[in-house]
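Please read the structure below before turning to the comments.
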Amino acid sequence: MQHFDYIGYDLIQDGRIAVITLNRPKQRNAQNRGMLVELGTAFELAEEDDGVRVVILRGAGSCFSAGHDLGSTDDVRERSSGPGQHPSYLCNGGTLTGADARHRQEWHYFFQNTKRWRNLRKITIAEVHGMVLSAGLMLAWCCDLIVAGEDTIFADVVGTRLGMCGVEYFGHPWEFGPRKAKELLLTGDSLNADDAHALGMVSKVFPAAELSERTVEFAGRIAKVPTIAALLIKESVNQTVDAMGFSTALDACFSLHQLNHSHWAEINGNPLGIGTVEDGLEDWRLAPDILPAAKHRA
């Protein structure tokens, strides 16, 4: 059986459902490189297994995912040269410099992997709860369906905290709608589970205490659909959205994302290519409150 350090992988219901669990609860399932590479391996395991019909992606602990890891002990170790460095930092642009390195690394480990998971040959369900922040949205959006606990909060705060134009997989206009996407990115405000359900982004909303049980029940219904029918339903919808410009827009917005990084790297020399408090942004390290996108609040 495959060993994982940062995720869990289980088969349930006689192997018809694979459950992948993000398992860094102390870091609120922030996505370090090791987790993302392991997640890719887990999705591949599910894809290769002809007995698996549905994949559930969930997070351990208090929330689904707080986004990219920007400085935990694991993140620093993985980036730093030495015996603990993650091998992915020594390939795919990792040994290059400047925008050349950042562009290639983010293309492989933040962007192309998310696109690949979106096109997995199985039906995927994101089971989300607590905070789903910024890059956490990417992991939810690449799934075919999203099931949320009543306590779920969705937000992309990289505009107000990092000076960035959203995350690498820019699904915002497609998931939120164009004007709501602008509002949420420019304010850093959030949607709750009911808001997201009203937009059509979330399929089901369940009490937090029942979330996992009800998600498995929902997945079990879908697993009854013949595999060819399920795949072609998925492909019919995905190809329709692609024909409307989804994939082309993702590619274009990834390039804009890299331009945004390059701006900050030139302005302040930050190796992560992000804005700072000195640039007028909120201090993300202090985890400022995320306010709801209330209709009557300025």
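In the list 215, 276, 227, which residue meets the criterion of being over 22 Å from the mean Cα position of the chain (by Cα), surrounded by 14 or more Cβ atoms within 10 Å (Cβ to Cβ), modelled with pLDDT of 95 or more and not aromatic (Phe, Trp, Tyr)? Can you show your working first?
Details: 215 fails: over 22 Å from the mean Cα position of the chain (by Cα); 276 fails: modelled with pLDDT of 95 or more.
Answer to the selection: 227.
Residue 26 fails exactly one of the following numbered conditions: (1) out of contact with any Gly (no Cβ under 8 Å at 6 or more places or on another chain); (2) among the basic types (Lys, Arg); (3) free of Cβ contacts under 8 Å to residues at least 60 places away in the same chain. What is the number of that condition?
Condition not satisfied by residue 26: (1).
For the stretch 166-201, name all the residues that are part of a loop (DSSP other than H, G, I, E, B) and farther than 16 Å from residue 133 by Cβ.
Going residue by residue through the stretch 166-201, those that are part of a loop (DSSP other than H, G, I, E, B) are 166-171, 177, 188-189, 200-201.
The answer is 177, 200.
Quick check on residue 248: is it free of Cβ contacts under 8 Å to residues at least 12 places away in the same chain, among the hydroxyl-bearing types (Ser, Thr, Tyr) and closer than 30 Å to residue 98 by Cα? It would help to see each step written out before you state the result.
Details: free of Cβ contacts under 8 Å to residues at least 12 places away in the same chain: yes; among the hydroxyl-bearing types (Ser, Thr, Tyr): yes; closer than 30 Å to residue 98 by Cα: yes.
Criteria met by residue 248.
What is the residue count in the stretch 203-224 for residues that are under 18 Å from residue 54 (Cα atoms), touching a residue at least 60 places away in the same chain (Cβ under 8 Å) and not hydroxyl-bearing (Ser, Thr, Tyr)?
Final tally of qualifying residues: 8.
Tell me, which residue of the stretch 51-86 that is of a type in the set (S, T, N, Q) and assigned to a loop (DSSP other than H, G, I, E, B) is farthest from residue 106 (Cα to Cα)? Lay out the reasoning, then the answer.
Of all residues in the stretch 51-86, those of a type in the set (S, T, N, Q) come to 62, 65, 72-73, 80-81, 85.
Those left that are additionally assigned to a loop (DSSP other than H, G, I, E, B): 62, 72, 80-81, 85.
Working: 62: 27, 72: 18, 80: 17, 81: 19, 85: 17 Å.
Taking the candidates together, the pick is 62.
Could you grab me the full set of residues in the stretch 258-282 that are in a loop (DSSP other than H, G, I, E, B) and within 21 Å of residue 168 (Cα to Cα)? Spell out the reasoning first.
First, the residues of the stretch 258-282 that are in a loop (DSSP other than H, G, I, E, B): 269-276, 280-282.
Across the stretch 258-282, the qualifying residues are 269, 270, 271, 272, 273, 274, 275, 276, 281, 282.
The values are calculated or read from the model by the stated rules, or taken from the named source; none is laboratory data. The structure presented is a predicted model; accordingly, all values stated were derived computationally and were not measured. Glycine also receives a Cβ, built like all others from the backbone with ideal geometry; neighbour counts cover every protein chain displayed.
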